[in-house]
Structure formats: C-alpha cells, structure tokens
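Colleague: Got a structure for you, questions after.
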Amino acid sequence: MAITVKLGSPFRRHTGGADKITSAAPDLPALFGDLESRFPGLTKHLVGDNGEPRPFLNIYVNEEDIRFLGGKNYKFADDDEVLLIPAVAGGSN
Amino acid sequence: MSSYLLGLECRGCGRVLPAEPTSICDECYSPVEPCYDYNALRGKLTREVLQSRPRDMWRYAELLPLRREPQARLPVGGTPLIEARNLGRALGHRALYIKNDSMNYPTLSFKDRVVSVALNAALEFGYDTLACSSTGNLANAVAAQAARAGIKAVVFVPADIEDAKLTASRIYGATVIRVQGNYDAVNRLCTQISQERRWAFVNVNFRPFYAEGSKTVGYEIAEQLGWKLPGAVVVPMAGGSLIGRIRKSFSELAYLGIVEDDAREVRICGAQASGCAPIARAVETGRAEITPERPDTIARSLVIGNPADGPFAARAIRESGGSAAHATDEELIEGIRLLASTEGIFAETAGGVTVAAFQKLMAQGAIDPDQPAVLVITGNGLKTAEAVANVGGEVFLIPPKLREFDRVYAGSASQAAQEQAAQELVA
C-alpha cells in the first residue's frame with residue numbers, strides 16, 4: 001500500500017525542498033513517524049505535546065478534512081492523497 | 001505619516017519576522033500578527049490628533065500595518081454608532097448601541113475595512129492581482145477596491161452564494177470562480193493556489209494585514225462613545241478574526257492612554273448560526289480546540305466550519321469574561337425583522353444572528369442591561385434579501401381605485417394599530 005503525501009510549500013524549509021513523498025504509513029501517527037525519520041525537526045511543528053496535530057495544521061485526505069474521517073483513527077487506503085498545509089498559509093516565495 | 005510597524009510577531013514562538021506577505025511563522029508555522037512600536041506612539045497619538053483628521057478608518061493609520069501613506073485611500077469606515085433605544089426596550093437593555101457597518105464604503109459591509117488595508121499592503125509589495133476566498137461580502141469588497149485601484153481581481157466563492165453577492169462581484173469586472181463545495185473547500189483551494197501564483201490573497205498570504213483592518217471597528221466604537229469602552233460587544237463570528245481584533249483595538253487604546261477604561265473589563269461576546277457554530281460550541285463546552293463542523297444554515301456569510309482564527313476568538317471571549325450564543329435560521333430571521341422594525345436598519349443574515357444571539361445572552365444574564373452594549377452589524381440586508389422574502393409588513397396588490405385602497409386598508413395591520421393607538425389615547 002502506498003499513499004502520496006503533499007507538503008505545503010512553507011514546510012519545504014524543513015524538507016530540503018521536497019514537496020511530495022510516497023509513504024506506506026497506515027495512519028496519521030505512523031505518517032508523522034515516517035516524516036520525522038525523513039525530515040528530522042519537521043514533526044515537532046506538526047504535532048503538539050499531546051500527540052494531536054497542532055491547531056493551525058490542516059490535513060486533508062483526497063480533499064476531505066481528516067477530522068471528518070476519524071482523524072488519527074483513519075486508516076489510509078491505497079492511493080490516498082494526503083495534503084498537509086498550515087491553516088491560512090500562503091505566499092509564492 | 002510615519003510607520004510604527006515593527007514586523008510580524010509569531011503567535012506561537014514569539015519571533016518577530018520582517019513585514020512580508022506571509023501569514024505564518026517560517027520556523028514553527030503558527031499564525032503571525034503585526035506588532036507596533038506602541039511606546040513611540042504614546043502621547044503622540046492623542047484624542048485631539050485623531051479628531052482633527054477626516055472621519056474614516058484612516059484616521060487610525062498609525063495602528064495599521066502599512067509602511068507608507070496608503071496609495072489607495074478610500075473613505076472606508078467612519079460608519080454610524082446609533083443608540084438603539086427601541087431595540088433595547090424590546091429586549092430589556094437600557095444602553096444599547098448599533099455599530100452599523102451595513103453602510104460601509106464602498107460595498108456595504110465591514111469587509112471594506114479589511115480589504116482596504118490588504119490592498120494597500122499589496123500595492124506596497126508590488127502585487128498586481130488581488131484575490132480572496134469568500135462567502136460573498138469579501139469578494140464584493142475585493143472586486144470593488146481592485147477596480148478602483150486599477151489592478152486585477154480574482155475572487156473564489158462557494159457555488160451557492162446569494163445572487164446579489166455574485167452580481168456585486170461581477171459588476172466591477174472581477175473574475176469570479178464559483179467552487180463546487182463549501183467555504184472550507186474554497187479556502188483550501190485558495191491556500192493551494194496562493195502557493196503557486198504571486199497573487200495577493202487578502203485573507204490568505206495577506207491575512208495579517210487584512211485582519212488588522214478590523215481593529216478600526218473597535219477604535220470607532222470607543223471614539224463614538226466619547227472615548228469610552230463599552231461594557232460588552234456582540235460580534236458575529238465566521239473565521240473568528242473580527243472579534244479578536246476588536247478586543248485588541250480596545251487594549252491598544254487603553255495602553256496608549258487614549259481611553260481611561262480597563263480594556264480587560266469589556267465583555268467580548270460572539271454570535272454564530274446554530275448550523276455552523278464551531279467557536280460558540282467551543283466556548284460553551286470550555287474546550288480550547290475547535291471541532292470543525294459541516295455548515296447548514298441560511299447565514300451564508302458565516303458558514304466557516306473550520307475557522308482560521310477560531311482558537312483565538314474562543315480565547316478572547318473566555319479571557320474577557322464574555323460569552324457566546326448561536327441562533328437557528330428561524331431565530332435569525334426574526335432577528336433581522338426585529339432590528340429593521342425597531343431601528344430601521346436592514347441587516348443581512350449575520351446581523352440577524354447577532355441580534356438573536358444578543359437576545360439569548362440577555363436571557364442568560366451574560367450581559368449587564370445597564371452597561372453600554374454594542375451590537376456590531378457587519379453586512380447589508382439587501383445582499384441577502386431572499387432570506388426574508390416572506391417576512392415583514394403586509395403587501396397588497398390593488399387596481400388604481402380609491403375604494404379598493406379603502407377596502408384593503410380597512411383590514412390591514414396598520415389600520416388596526418392606528419385604531420388601537422386611538423383607543424389607548426381615549427383611555
């Protein structure tokens with residue numbers, strides 16, 4: 001199983017410029033683990049001390065907010081497209 | 001004009017970034033907010049100085065995040081604050097006021113203020129396209145002000161917005177993109193587009209500049225109350241930006257010594273529609289985080305199920321000792337009717353929500369009926385006329401004959417009221 005993960009451009013500071021990865025993570029906590037192993041230092045900005053995604057991070061699965069799909073309990077399906085983007089982030093710089 | 005803007009302060013880690021078109025910290029990704037050299041302004045920005053300037057939002061320019069004199073300086077803001085004695089009597093409040101932004105320039109909503117700041121910031125940074133995700137009013141304001149400034153406008157709205165709001169964006173020549181989805185989907189799309197194109201999305205990459213325009217509502221309220229802060233304000237909430245900035249405006253005035261009251265004592269109260277009340281429900285249940293909702297209400301200007309400034313709005317309400325309430329579609333329609341029939345102000349659906357929520361807050365004892373309270377009316381009823389198409393006074397269709405008029409008027413509510421008034425006089 002593989003999912004595509006798109007990272008909003010602001011995160012590229014922590015991803016060495018990468019804006020898209022493929023992951024085999026079965027769910028959100030596993031995806032955060034995968035991201036941390038590839039991009040050390042990124043995950044602490046995505047996840048709070050309580051293990052929940054930070055309030056100003058939006059996560060979409062195939063264009064649906066993951067919170068409507070069960071959040072951390074949602075099991076990714078093959079070919080899911082996951083978008084991680086800071087709320088109201090923008091700018092083309 | 002000298003600029004007192006220091007930069008953009010991260011609301012997460014506290015770093016101060018240079019003022020640039022971005023809405024988040026490049027280190028921790030939390031939202032950023034303009035910060036100013038208040039100490040340099042103290043004693044300089046006085047009541048006398050402010051009162052000597054033209055009566056529009058630009059009289060508070062030092063407290064707005066621009067580095068230069070505004071290039072596109074329209075007479076935005078300066079809207080009336082009226083004493084609402086009739087509405088107050090109807091709802092048991094003895095010092096009620098309406099801040100009437102339904103007559104703002106140029107597009108009849110409070111969004112004219114925020115766009116004015118964002119547009120001028122966009123011009124400073126050399127952008128040639130103004131854009132937004134909008135439930136309607138913002139699109140109108142972007143389209144109109146971009147037309148006047150001679151730059152392009154591209155506005156994104158949910159496919160089902162009201163006809164008047166669609167028309168009032170198209171007429172200025174803006175490109176209108178109707179997105180098949182709710183506002184939250186529109187907003188996500190705009191966030192993605194803003195990363196691909198060098199456009200000034202007023203409420204995305206220019207959000208820190210845009211949001212500060214909301215503060216001028218608060219400055220004006222204080223000035224119009226005779227440089228006093230009210231006991232409470234009731235503010236409609238969509239993205240949750242306005243309510244927090246009104247609180248900030250009061251704090252700034254107090255810090256600068258322009259008002260003597262304690263800004264912390266103003267009860268900040270929020271109003272939402274029951275069909276989309278993520279912030280009000282977070283306040284009710286005491287939760288810090290916002291649980292997104294799928295909106296279902298006719299108050300389409302408030303249908304933001306995942307409000308960007310929701311956590312800040314909830315915190316502002318809680319810290320102030322204020323409260324929040326939400327109103328059903330039936331209640332908000334009655335709120336529109338009540339405001340119009342008591343004060344002669346025709347508000348859009350969000351205004352009906354504000355009046356209905358105020359009524360509930362009064363019933364809960366959350367608002368002191370003797371302390372000045374201000375209801376912020378943010379949009380014009382003519383833009384959401386379909387919501388009240390079957391509400392209000394009687395309508396008769398008659399042939400142009402005197403006896404036909406006499407016949408229908410004899411059975412009308414106006415005639416009945418006249419007779420009752422006459423009887424009461426005799427008694």
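Read the figures in this text as sums done on the coordinates, not as results from a lab. In this text the structure is predicted, and so the values were computed from the model without any measurement. With ideal geometry, Cβ positions are generated from the backbone for all residues, glycine too; neighbour counts draw on all protein chains shown.
Colleague: Could you tell me how many degrees, from 0 to 90 and to the nearest 10, lie between the Cα long axis of helix B:183-194 and the main elongation axis, the longest principal axis, of the Cα atoms of chain B?
Modeller: For B:183-194 against chain B, the angle is about 30 degrees.
Colleague: Something else: Please compute, for the alpha-carbon atoms of region B:297-427, the extent along each of the three principal axes and give them in descending order in Å.
Modeller: Projected onto its principal axes, the Cα set of region B:297-427 covers 62, 37, 19 Å.
Colleague: Let me ask something additional. Working from the pairwise distances between different alpha carbons, so that the mean of 1/r is found and then inverted, what is region B:68-152's Kirkwood radius in Å?
Modeller: With all distinct Cα pairs of region B:68-152 included, I get 14.3 Å.
Colleague: Which angle between 0 and 90 degrees, to the nearest 10, do you get for helix B:111-124 versus the longest principal axis of chain B when only C-alpha atoms count?
Modeller: With rounding to tens, the tilt is 20 degrees.
Colleague: Based on the Kirkwood radius over alpha-carbon pairs, what is the Stokes-Einstein translational diffusion coefficient of chain B at 4 °C with 1.567 mPa s viscosity, in µm²/s?
Modeller: 59
Colleague: On to the next question. Mind listing which GluC sites (Glu not before Pro) in region B:4-70 are in a DSSP loop and have 16 or fewer other Cβ atoms within 10 Å? The partial results should precede the final answer.
Modeller: Numbers: sites: B:E9, B:E27, B:E48, B:E62; in loops: B:E27.
Listed in order of number, the matching sites are B:E27.
Colleague: Report, in debye and to the nearest 20, how large the dipole of region B:208-348 comes out about its Cα centre when Lys and Arg carry +1 and Asp and Glu carry -1 on their Cβ.
Modeller: It comes to approximately 340 debye.
Colleague: Order B:252-263, B:222-233 from most to least packed using the mean count of other Cβ atoms within 10 Å.
Modeller: B:222-233, B:252-263
Colleague: Just subtract the alpha-carbon distance of B:A389 and B:C13 from 0.36 nm times their residue separation and send over the number in nm, one decimal. Working shown, then result.
Modeller: Working: separation 376, 0.36 × 376 = 135.36 nm, distance 4.96 nm.
Extra length available between B:A389 and B:C13 comes to 130.4 nm.
Colleague: With Rg and the Kirkwood Rh both taken from Cα atoms, where does Rg over Rh land for region B:297-358? Walk me through the numbers before you get to the answer.
Modeller: Numbers: Rg = 12.9 Å, Rh = 12.5 Å.
Ratio value, two decimals: 1.03.
Colleague: Now for a separate question. Averaged over peptide B:188-195, how many Cβ atoms belonging to another chain are found within 10 Å of each residue's Cβ?
Modeller: Mean partner shielding for this stretch: 6.
Colleague: No solvent, one uniform scatterer per C-alpha: report log10 I(q)/I(0) for region B:1-111 via the Debye equation at q = 0.13, 0.17, 0.18, 0.19 1/Å, two decimals.
Modeller: Evaluating at q = 0.13, 0.17, 0.18, 0.19 Å⁻¹ gives log10 I(q)/I(0) of -0.73, -0.99, -1.02, -1.05.
Colleague: If the viscosity is 1.002 mPa s and the temperature 20 °C, what Stokes-Einstein diffusion coefficient in µm²/s follows for region B:89-248 when Rh is the Kirkwood radius over Cα pairs?
Modeller: Here the translational diffusion coefficient equals 131 µm²/s.
Colleague: Moving on. Quick one: helix B:349-364 against the long Cα principal axis of chain B, what's the angle to the nearest 10°, folded into 0 to 90?
Modeller: In chain B, helix B:349-364 runs at an angle near 80 degrees to the longest axis.
Colleague: Among the chymotrypsin sites (Phe, Trp or Tyr not before Pro) in region B:335-427, which ones are in a DSSP loop with at most 14 other Cβ atoms within 10 Å of the Cβ? Mind listing them?
Modeller: Sites meeting the loop and neighbour criteria: B:F396.
Colleague: Per-residue ellipticity at 222 nm for chain B, helices alone: DSSP H runs ≥ 4 residues times -39500 (n - 2.57), over residue total, nearest 500 deg cm²/dmol? Walk me through the numbers on the way to the answer.
Modeller: Numbers: 16 runs with 167 residues, N = 427.
Helix contribution divided over all residues of chain B: -11500 deg cm²/dmol.
Colleague: Which of the peptides B:33-46, B:310-323 is most tightly packed, and how do the rest follow, judged by the mean count of other Cβ atoms within 10 Å per residue?
Modeller: On the way: B:33-46: 15.6, B:310-323: 21.8.
By packing density, highest mean first, the sequence is B:310-323, B:33-46.
Colleague: Also, I was wondering about something else. Across the residues of B:10-20, average count of Cβ atoms on other protein chains within 10 Å?
Modeller: Mean number of neighbouring Cβ atoms from other chains: 1.
Colleague: Could you compute the FRET efficiency for B:A288 and B:L382, with r as their C-beta to C-beta distance and R0 at 45 Å, rounded to 0.05?
Modeller: 0.70
Colleague: Beyond 10 Å, what percent of the Cα pairs of region A:9-48 remain?
Modeller: Numbers: 548 of 780 pairs.
Taking all Cα-Cα pairs of region A:9-48, the fraction more than 10 Å apart is 70 percent.
Colleague: Give me D for region B:154-294 in µm² s⁻¹, whole number, from Stokes-Einstein with Rh from the Kirkwood sum over alpha-carbon pairs, 25 °C and 0.890 mPa s.
Modeller: This corresponds to a translational diffusion coefficient of 141 µm²/s.
Colleague: What is the local net charge at A:E63, summed over the other residues whose Cβ is closer than 12 Å to its Cβ (Lys, Arg +1; Asp, Glu -1)?
Modeller: -3
Colleague: Using only the Cα atoms of chain A, each taken as one equal point scatterer with no solvent, compute I(q) by the Debye sum, divide by I(0), and report log10 of the ratio at q = 0.22 Å⁻¹.
Modeller: -1.21
Colleague: Over region B:32-87, what lengths in whole Å, largest first, do the semi-axes of the equivalent ellipsoid take, defined as the square roots of 5 times the eigenvalues of the alpha-carbon gyration tensor?
Modeller: Working from the Cα gyration tensor, I get semi-axes of 25, 16, 13 Å.
Colleague: Any number yet on Rg/Rh for region B:128-169, C-alpha, Kirkwood? It would help to have the intermediate numbers written out before the result.
Modeller: Details: Rg = 9.6 Å, Rh = 10.0 Å.
Expressed as Rg/Rh, it is 0.96.
Colleague: I'd like the mean, over residues of A:43-52, of how many other protein chain beta carbons sit within 10 Å of each residue's own Cβ.
Modeller: The shielding value for this peptide is 1.
Colleague: Also, I was wondering about something else. Please give, to one decimal in nm, the separation of the simple spin-label points placed at B:W227 and B:Q415, each 7 Å out from Cα toward the Cβ.
Modeller: Distance between the two pseudo-spin positions: 5.7 nm.
Colleague: Tell me what chain A gives for mean residue ellipticity at 222 nm when only DSSP H runs of n ≥ 4 count, each as -39,500 (n - 2.57), the sum divided by the residue total, rounded to 500 deg cm²/dmol.
Modeller: Working: 1 runs with 11 residues, N = 93.
It comes out at -3500 deg cm²/dmol, rounded to the nearest 500.
Colleague: Roughly how large, in nm² to one decimal, is the mean projection of the convex hull of the alpha-carbon atoms in the protein assembly as shown?
Modeller: Mean orientational projected area (the protein assembly as shown, Cα hull): 27.5 nm².
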